[in-house]
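In what follows, a single structure is set out as structure tokens and then discussed.
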Amino acid sequence: MKILAFAASSSKKSINKRLVTYAASLLEGADVEVLDLNDFEMPLFSVDKEEELGHPALAKAFLAKIAASDALIISFAEHNGSYSAAYKNLFDWCSRAGAKVFHDKPLVLLATSPGARGAASVLAAATNSMPFFAGHVKATLSIPSFFDNFDLELNTLKNEDLKQQLIQAVASLKGLPAG
């Protein structure tokens with residue numbers, strides 16, 4: 001099974017990237033590719049830019065990676081209650097190339113933040129919007145208070161209840177047909 005994982009953040013110190021990388025590692029035997037949104041940086045989307053540039057090669061490359069995967073794990077950073085600008089811009093470019101951004105793939109959606117709500121607002125927005133873009137949400141999980149619940153040295157969740165919930169969320173992708 002080919003798993004595509006990424007944090008919807010451009011931070012070089014992204015806690016969401018740490019979380020999504022850890023989550024993907026829980027799928028034994030999976031072929032995992034962890035993307036960095038910094039590798040897909042494009043001009044700020046606008047209709048004028050689209051008329052000028054067409055659909056950028058980086059947007060097409062991102063969509064091709066999604067199409068070539070069997071499932072996705074995404075961890076959303078929350079910026080003022082919504083998506084990060086980096087993710088939203090990439091998503092906007094990709095959605096203009098075709099509305100089925102997620103190619104009917106199964107998804108596990110995660111979110112975390114240093115705060116007690118664990119980026120719950122952006123996770124809810126993502127969960128609600130994915131079906132409109134051909135994404136099939138299998139599981140969601142918000143990890144609150146990241147630095148209290150994640151061991152940075154051992155690279156694991158130290159909160160056993162959250163760890164079991166994450167294992168169960170990721171396990172929802174097991175047994176899915178490849179391709």
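Per-structure values
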read-out	value
In range of the label at Ala61: residues from the range 93-109 whose backbone nitrogen is under 16 Å from the point 7 Å along Cα→Cβ	93-94
Nearest-ten-degree value, helix 160-171 long axis tilted from longest Cα axis of the chain	40
Linear extension gain, Glu160 paired with Ala125, 0.36 nm per residue minus alpha-carbon span	9.9 nm
Hits among lysines - C-alpha to C-alpha of Lys2 under 23 Å, sequence gap 8 or more where chains match	Lys17, Lys60, Lys65, Lys100, Lys105, Lys138, Lys163, Lys174
Listed values (1) 15.6, 51; (2) 16.1, 48; (3) 17.9, 63, entry calculated as Rg and Dmax of the Cα atoms in Å	(1)
Phi to ³J(HN,Hα) by Karplus 6.51 cos²θ - 1.76 cosθ + 1.60 over the range 122-128, Hz, x for Gly, Pro	5, 5, 5, 4, 5, 4, 6
Order of Glu50, Glu160 under a 10 Å beta carbon neighbour criterion, fewest first	Glu160, Glu50
Residues Glu28, Glu78 arranged by fewest to most Cβ contacts within 10 Å	Glu28, Glu78
Label-point separation, Lys13 to Ala116 (7 Å along Cα→Cβ), nm	2.4
Relative contact order for the chain, counting Cα pairs under 8 Å that sit 6 or more residues apart, in percent	24
Charge tally in the Cβ shell below 9 Å around Leu58, where Lys, Arg are +1 and Asp, Glu are -1, Leu58 excluded	-1
Neighbour-count order for Ile167, Ile3, fewest beta carbons within 10 angstrom listed first	Ile167, Ile3
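Every read-out reported here was derived from the displayed coordinates using simple, explicitly stated rules and does not represent laboratory data. Keep in mind it's a predicted model, so treat the numbers as computed, not measured. All Cβ positions, glycine included, derive from the backbone under ideal geometry; neighbour counts span all protein chains shown.
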